[in-house]
Structure formats: structure tokens, C-alpha cells
1. Please specify each residue of the stretch 118-144 satisfying the condition of being open to solvent by 10 Å² or more (accessible area, probe 1.4 Å) and either in contact with a helix residue (DSSP H, G or I) (Cβ under 8 Å, 6 or more places away or on another chain) or not assigned by the TED database to the domain that holds Ile37 (or both).
2. Of the residues Arg489, Arg523, which is part of a helix (DSSP H, G or I), in contact (Cβ under 8 Å) with a residue 12 or more places away in the chain, open to solvent by 20 Å² or more (accessible area, probe 1.4 Å) and of a type in the set (Lys, Arg)?
3. Among the residues of the stretch 468-478 satisfying the criterion of being among the hydrophobic types (A, V, I, L, M, F, W, C) and either in the same structural domain as Ala596 (by the TED database) or open to solvent by 10 Å² or more (accessible area, probe 1.4 Å) (or both), which is modelled with the lowest pLDDT?
4. Just wondering, is there one or more residues in the stretch 300-320 that are open to solvent by 50 Å² or more (accessible area, probe 1.4 Å), among the hydroxyl-bearing types (Ser, Thr, Tyr) and over 30 Å from Ile27 (Cβ atoms)?
5. Would you mention how many residues in the stretch 175-187 are outside any helix (DSSP H, G or I), open to solvent by 50 Å² or more (accessible area, probe 1.4 Å) and either closer than 19 Å to Phe206 by Cα or out of contact with any strand residue (DSSP E or B) (no Cβ under 6 Å at 6 or more places or on another chain) (or both)?
6. Within the stretch 577-593, how many residues are over 43 Å from the mean Cα position of the chain (by Cα), closer than 15 Å to Ser501 by Cβ and among the aliphatic types (A, V, I, L, M)?
7. Residue by residue through the stretch 36-63, note down the ones that are assigned to a helix (DSSP H, G or I) and over 30 Å from Gly7 (Cβ atoms).
Amino acid sequence: KTAVIDGHSVDVPAVVAVSRHAHAPHIDCSPEKQRNIAKAVAVVAKLASGEQSQYGITTGFGGSATTRTKQTALLQKALIALCQAGITPAFKNGQVLTPEEQDLLFPQDWIRGVMFVRLNSLIRAQSGTRWIVIDGLYKLLLHDVAPCVPLRQSISASGDLGPLAYISGVLTGHPDNYAWYGQGAERRVYDSPTILQKIGLQPIEFIAKEGLSLINGTGASSAVACLGMHDCHIIGVASQVLSAFAVEVLKGFQEPFTPYLHEATRPHPGQIETAANIRRVLLPSQLARPHHVESDPEATLRQDRYCLRSVPQWLGPQLEDLLVAQKILDVELNSTTDNPIVDVQTEYIHHGANFMAMAVTSATEKLRLVVHHIAKLMFAQLTELLNHSTNCGLPPNLAVGEPSVDYSLKGADVAAAAYLSEIAYLANPVSTHVVSAEMHNQSINSLALISGRYTLEAVKLCFMASLITSLLSLMSTHLYALCQAADLRTIEATFRSKLFSVLRTETAVHLPGVRFDDDFFTRLNNRLIVLLNGSTDQDSTTRFERVMGDLASTLISLLNDETATMDVPLKAINQWRISLTRHSRQIFVETRAAYAKSPDAGGKLLGRTGMLYTYVRGVLGVKMH
């Protein structure tokens, strides 16, 4: 599929493809399109020569619109100059920027997105911009020229003036404007004359309104918002999968994710879809329980805690908000975000404020709240997973080794709290910090670009931004813990299977005169499960001695309940306890050591989350802690 610049077909996926994947979009250069553009240019030229003043064509800008001039080309040059007021590195031709210098500038993928979005507005033939200018900007994009744009400057009031002015300056060939050009290790920063020479373009002198048309729009804030939107969709999908993973390793119930339950009681689309998605992931799982069973020794808690049971109700509204935000951006991407707007039919220029990007601000502030709410859910699941009093029999901090010396993910718990705190800070609205600017002309402004930037910062903290090299963000920390828990559940399942078998054998050896039915062993096994789950914070040297001591009391109690049994000497019960203590510790240590050599929980107990486990352990090579 090819992205098309035609004024009405651009969407978020197209912006992502052009920005992050160097996708080359097609532009509608049909004769009809070029005729419409030429008509708009002619309207501007006609009105520029008339007696009636025209904003930004024969007047000054903003609070300086009290001035008048007939030097229309010089006026546009002055506009581009006044808007280039940001902080940049001290550039040199052929320079490779240091990381500190790059931190002052827009990332290059943002710039590609900005040019793409601005082109889609200009080609609507409502700006009065010549085809040569539109085509020149398009050629910059095709040749992967990325103008150097200061990261900070724009308040997104009269559009994103600063960023777009630095981009437009490259088309004029001004030596103070620089851009990236080249491939791979040969990519360098060059001044505009050098760039234009390398790609075979002549410098362009902007005529009436063209400078204003180029910079008076929401291209920067919209493009950055689209990248945040894309990442938030991935977070939305990941949060459902990781929630299903958490339900599995915490041995939660599948019942709350029954879709018809939500359809019949509270039919919010996001809630229904979230439940259905998690249900699909959980169905093949051998860990997640279908529903509560009273006799289940691990189900004394009648229903799961909120961070598992309430996932559809918590995530559903967030996913619906993502769709609302995306609709806002889809409209913005295919709008004329100029002032004034050229009306070819009436040969009139309309004055308004389409450049105000408050819609984009609204969208990105929704995104940051979504990121925070998802992060809060992930953190709640993570803390339940790491706490041995809430994790249904897993060791504290998911330690594989002895708890007295192995604190495993305890530090990750603290780090995750730091991530969530920072995300919560970034989730605050930017729009409440608007201040008056530019001679009080821009007394209200959207701060849309700033809001978009902070949305991407929040995303970085929440999203799996660097899984291969480091696990620094909240969701990757959660995923790391979930994989660790899956390993521990596999160890647990193997250990229990062997121990229950030994329990039967040792009982037969030490109590040979007593006949025990399956119900007897079921009750004994259930008590053993409870004792094992309640002792995961103890080292194995003392743990199994205490467990089997308590289990001996259960054995005596069960024997007393038997109506037709012979007396059993206490010495035999004591030997039974001593033997089981030795066997259980030996089985536990051997099972743990054998599994640690080649962990593989992917195809055993997990459902569809096994694919995620296999990817982390196999493809990424992230080992069990």
C-alpha cells in the first residue's frame, strides 16, 4: 500500500510509515490538481495588488498586523526569519552531530512526518502556494532530506511556526538553515545551498502568502501526535496480552472474561472486546482456572483482586479513548490548517484560526492519560506478582534461589514504582499552562507540539522501548517478571507431580497396614499445597522440615477420621515425616537445578502467551533470573 498526498487520504499509519520506515509517498500531481492550485495562487496575486489590505500578504503578522506593505516577497522572507528563533547547535558543513547536539533538535523521523503532513494540507489548493513550492518540499522528503529543527520553540498557536520555518528555510537556500542528508555512515549535516545542489533543486523565493502558507499550520504537532498514537495502540494491545499473562501465572479465573457476560450487563464496546481478546489468549492455558471451585486449595480467595478481575472495565475505556483520539487526528491530517484560507469560488480570502491545534492537544492529552492508566494496571499486576502473600504460592520477588540470599526482582519493583511516578507526572495536562504570547495576540494557544512531545516521553517510559539491549521501562519490567513467573510455575508443576507420587509411596512404605483411598490422598495433597504456598519465603533447608511437620499433624487428624483402621504408631508417622522431609528437599533442589539449565515454559503450561515467552527467551535471549 502506498501513502498518497492528495489532501484527504492521509491517516496515522501513513504518517508512521513515512516517518519511521522511510516510506516514499505518492503525490497527486494530476493536471486537475495543479490547475486548482494555480487558481488559488492567482486569487492571492489579484488580491495582493488591490487596495484592500490582506492579512499576511500586505500586512504585518499577528500583533503587528497594523503595518502595510506592497513588498510581498520581502514580507514572506521577513516572516521566515522572525520565526527562526530557536536554539540549535553551531553547525558546520559535513558535520556529524554529537548526542548532546541532537538532543537540541527534532528527531529525523519526526521531521519526515512533519513535511508529509504539511504537504497534505498545502495540496488542498486552499493556501495559495505554487506547485513549484509544493514539489520542492516533496522532493526534500523523497531525497530523505531532514531539515534541522529546534526541539523547543513552538507554542502551536498560529500553527507550528518555528519548526515549519526552519523546514521552509531550506527551500530558500538560506545558508543559516541546515539539514541532514546521505545514507548510513555518510549521513551528515549540510547547509541549505549544499543540500539543494546535491539533490538538484534551485533555491525558491517565496511570493505573496507562500511563507505564511508553509508555516501557518499544525503539521508538526499532528505528525508527532500520530507517532504517539501509533505507540499507544501497541501499548493497548500489549496491555491486554500481558494482563492475560498475569491471570495465567497468578492462577486467576477466566470467568470475568466471558464476553457474553459483558454484552448482557454493560455493553461498552471496549470492555466487550478487551474481555474477548483476553479470553482468546487464555483458553488454551493450563494455569488460568475456568471458574471458582470450592474444593480447590488455592482458591480460598473467592474472586481475583481488581488488577486481574477488572481488566476489561479498566482497559476498555482506555481503548475507546484511543479511537476517539485517532478520529481527531484523522480529521486534522486532512484539513487546511492555514490562515487566511483562499476561496477560489468567491475569489475571497477568509480569516479564521484553523491553525490552532487545540484538537491535537485534546487528542494527545487523552493519550497521556491512557498511557498512565495502562501503566497503573501493569504496576498493580506486577506488585501482586512479586509479593508472596498475594501471588498464589510463588516465591517472594520471584526468586529462583534461596529467599534469604536471592532477592531477584525486588529492585525491579522499586524501579517500576519510579517509572509509574514519572508517567503520572507526565500525564498532567499541558493546556493548563498556556500563557499569552506575541504582543498578547496569541493570548490563548494550544501548546499542541509540547503536548505531543510529552506524550512520546510518557510512551517511552511505559512502552517496551529497548527490549533487546535493556529492560528499563515499566511494561518490559512487567514482561520480564511474567516470564520469570512462568518459569517458576513450570518448576512448581514438575516438583508437585514428583512430590505427590513420593507422598503415596512413602505413605505405603511407612504405614503398610492401612488402606487409603483416593479421597484420603486428595485431602492430604490439598493440605500439602496450602503448606507449600504459605512457606515460599523460607529457605529449602528449613522449609520442608516445617511443611512436613505440619503435614504430619494433618495425617494424624485424617487417621483419626478413619472409622475402620488399625492403630498407627507415632514412631511410624515420625519416620514418614523425616523421610518426606529429605525427599521433598531433594526433589525440589534437583528440579530447580535441572530446569535452570534449560528453561522452557512456553509449550507446557501457558496458553497463547507461550509465543511471547518463547520470543523473550529464545529470540531476544533474555535468560531466567
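1. Of all residues in the stretch 118-144, those open to solvent by 10 Å² or more (accessible area, probe 1.4 Å) come to 124-126, 130-132, 135, 138-139, 141-144.
Listed by number, the residues that qualify are Ala125, Gln126, Arg130, Trp131, Tyr138, Lys139, Leu141, His143, Asp144.
2. It is Arg523.
3. My answer is Ile468.
4. Our first condition is that a residue be open to solvent by 50 Å² or more (accessible area, probe 1.4 Å); within the stretch 300-320, this holds for 300-303, 305-306, 309, 313-314, 317, 320.
Then keep just the ones that are among the hydroxyl-bearing types (Ser, Thr, Tyr); that gives 300, 306.
Next, from what is left, pick out any that are over 30 Å from Ile27 (Cβ atoms): 300, 306.
Yes, the stretch 300-320 contains at least one residue that is open to solvent by 50 Å² or more (accessible area, probe 1.4 Å), among the hydroxyl-bearing types (Ser, Thr, Tyr) and over 30 Å from Ile27 (Cβ atoms).
5. Just the residues of the stretch 175-187 that are outside any helix (DSSP H, G or I), to begin with: 175-183, 187.
With the extra rule that they be open to solvent by 50 Å² or more (accessible area, probe 1.4 Å), the set shrinks to 175-176, 181, 183.
Going one step further and asking which of them are either closer than 19 Å to Phe206 by Cα or out of contact with any strand residue (DSSP E or B) (no Cβ under 6 Å at 6 or more places or on another chain) (or both), we end up with 175-176, 183.
Adding up the residues that qualify gives 3.
6. Count: 1.
7. The first filter runs over the stretch 36-63 and keeps only residues assigned to a helix (DSSP H, G or I), leaving 36-48, 62-63.
Residue satisfying the conditions is Gly63 alone.
To keep it simple, each residue is scored yes or no on (1) at positive phi; (2) open to solvent by 10 Å² or more (accessible area, probe 1.4 Å).
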| site | (1), (2) |
| --- | --- |
| Leu164 | no, no |
| Ile167 | no, no |
| Val170 | no, no |
| Gly173 | yes, yes |
| Ile199 | no, yes |
| Lys209 | yes, no |
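The values are calculated or read from the model by the stated rules, or taken from the named source; none is laboratory data. Owing to the predicted nature of the structure, the values given are computational and were not obtained by experimental measurement. Please note: Cβ atoms are built from the backbone with ideal geometry, for glycine as well, and neighbour counts cover all protein chains shown. Areas reflect the complete protein model, heavy atoms only, side chains present, ligands, DNA and RNA absent. Shrake-Rupley method; radii C 1.70, N 1.55, O 1.52, S 1.80 Å.
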